[in-house]
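The values are calculated or read from the model by the stated rules, or taken from the named source; none is laboratory data. As the structure is a computational prediction, the values presented were derived from the model and not from experiment. Here the Cβ positions follow ideal geometry from the backbone for every residue, glycine too, while neighbour counts run over all protein chains shown.
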Amino acid sequence: MAPTHLLVGLAVGSVSLVVAPAHTTSAFVAGALGGLAPDLDAVVGTHRRTLHFPVYGWVVALPAVVLAVLVTASWSVALATFCVAAALHPLLDWAEGDAGWRGWERTSDRAVYCHATSEWLVARRWVRYDGAPEDLLVAALLAGGLWTVTTGTVRWVVLASLVAGAGYALVRRRVPDAVERFRART
């Protein structure tokens, strides 16, 4: 669920509070964007394939982290944070159910495409589907941790993400039918 991915990105950005406190703003913004960016393939391309890189994401993220350590600047910390958050995204999707609209029906085992092996990774289903109660639990745990280490605007983004995630979890199973009804009207 997008709020969980955003919160993971903020958690990655929170590392800057310890290792690069002068660059926390750029780290939080980059982490949030990196956590969400792979899901742009739901709009352009094939969801969980076009912009999801469970192996190659780390080929980019690890050197970006090394660069940020060697050249600690706002841009390098932001780049590293964005890349790590984006690399974590497909791993979270892999831990989830399938990529379909109705993941609770288990119509597919395809979780996320691995470009390195040219195959779909099998859904682990540790979180049954996007927006499942356990997805909300993960979001709540992340939000609780972030709430304790953040202040100001970031803290409000954390709260808003958790509220959005809770709302989504409440209506998640109704979303596919609502979308189908909307498409039938247009």
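Out of contact with any strand residue (DSSP E or B) (no Cβ under 8 Å at 6 or more places or on another chain), assigned to a helix (DSSP H, G or I), among the hydrophobic types (A, V, I, L, M, F, W, C) and closer than 21 Å to residue 31 by Cβ: does that describe residue 142?
Values: out of contact with any strand residue (DSSP E or B) (no Cβ under 8 Å at 6 or more places or on another chain): yes; assigned to a helix (DSSP H, G or I): yes; among the hydrophobic types (A, V, I, L, M, F, W, C): yes; closer than 21 Å to residue 31 by Cβ: yes.
Criteria met by residue 142.
In the list 46, 50, which residue meets the criterion of being polar (S, T, N, Q), more than 24 Å from residue 139 (Cα to Cα) and in contact with a Phe, Trp or Tyr (Cβ under 8 Å, 6 or more places away or on another chain)?
Values: 50 fails: in contact with a Phe, Trp or Tyr (Cβ under 8 Å, 6 or more places away or on another chain).
Selected residue: 46, the only one of 46, 50 that is polar (S, T, N, Q), more than 24 Å from residue 139 (Cα to Cα) and in contact with a Phe, Trp or Tyr (Cβ under 8 Å, 6 or more places away or on another chain).
Filter the helices (runs of 4 or more DSSP H) completely within segment 20-128 down to those with at least 1 residues that are surrounded by 23 or more Cβ atoms within 10 Å (Cβ to Cβ) and in contact with a Pro (Cβ under 8 Å, 6 or more places away or on another chain). Outline the logic, then answer.
Numbers: elements: 24-36, 56-70, 74-95.
Per the criteria, 56-70, 74-95.
For residues that are among the β-branched types (Val, Ile, Thr) and crowded, with 24+ Cβ neighbours inside 10 Å, tally how many sit in segment 1-19. It would help to see each step written out before you state the result.
If we filter segment 1-19 for residues that are among the β-branched types (Val, Ile, Thr), which is where we start, we get 4, 8, 12, 15, 18-19.
Those still in the list that are crowded, with 24+ Cβ neighbours inside 10 Å too: 4, 8, 12.
Count: 3.
Cβ-Cβ distance below 6 Å, separation of 6 or more or different chains: which pairs start in segment 86-111 with a residue that is closer than 16 Å to residue 136 by Cβ and end on one that is assigned to a helix (DSSP H, G or I)?
What qualifies is 97/103.
Hey, among 117, 148, 186, which residue is free of Cβ contacts under 8 Å to residues at least 40 places away in the same chain, within 24 Å of residue 41 (Cβ to Cβ) and among the hydroxyl-bearing types (Ser, Thr, Tyr)? Spell out how you get there, then give the answer.
Numbers: 117 fails: free of Cβ contacts under 8 Å to residues at least 40 places away in the same chain; 148 fails: within 24 Å of residue 41 (Cβ to Cβ).
Every option except 186 fails the conditions.
Which of the numbered conditions does residue 134 fail, given that it passes all the others? Conditions: (1) acidic (Asp, Glu); (2) at pLDDT 95 or above; (3) under 20 Å from residue 53 (Cβ atoms).
(3)
The conditions are (1) touching a residue at least 40 places away in the same chain (Cβ under 8 Å); (2) closer than 26 Å to residue 15 by Cα; (3) crowded, with 21+ Cβ neighbours inside 10 Å, and residue 157 fails exactly one of them. Which is it?
Every listed condition holds for residue 157 apart from (3).
Considering segment 129-148 alone, what residues qualify as being more than 27 Å from residue 111 (Cα to Cα) and either among the acidic types (Asp, Glu) or exposed (fewer than 14 other Cβ atoms within 10 Å of the Cβ) (or both)?
Of everything in segment 129-148, those that are more than 27 Å from residue 111 (Cα to Cα) and either among the acidic types (Asp, Glu) or exposed (fewer than 14 other Cβ atoms within 10 Å of the Cβ) (or both) turn out to be 144, 148.
Give the residue that is farthest from residue 155 (Cα to Cα), with candidates limited to residues of segment 25-63 that are of a type outside the set (Lys, Arg) and in contact (Cβ under 8 Å) with a residue 60 or more places away in the chain. Walk me through how you get there before you give the answer.
Step one: of segment 25-63, the residues of a type outside the set (Lys, Arg) are 25-47, 50-63.
From what's left, in contact (Cβ under 8 Å) with a residue 60 or more places away in the chain: 28, 32, 46, 52-56.
On the way: 28: 11, 32: 13, 46: 33, 52: 28, 53: 29, 54: 29, 55: 31, 56: 32 Å.
Once the filter is applied, the top-ranked residue is 46.
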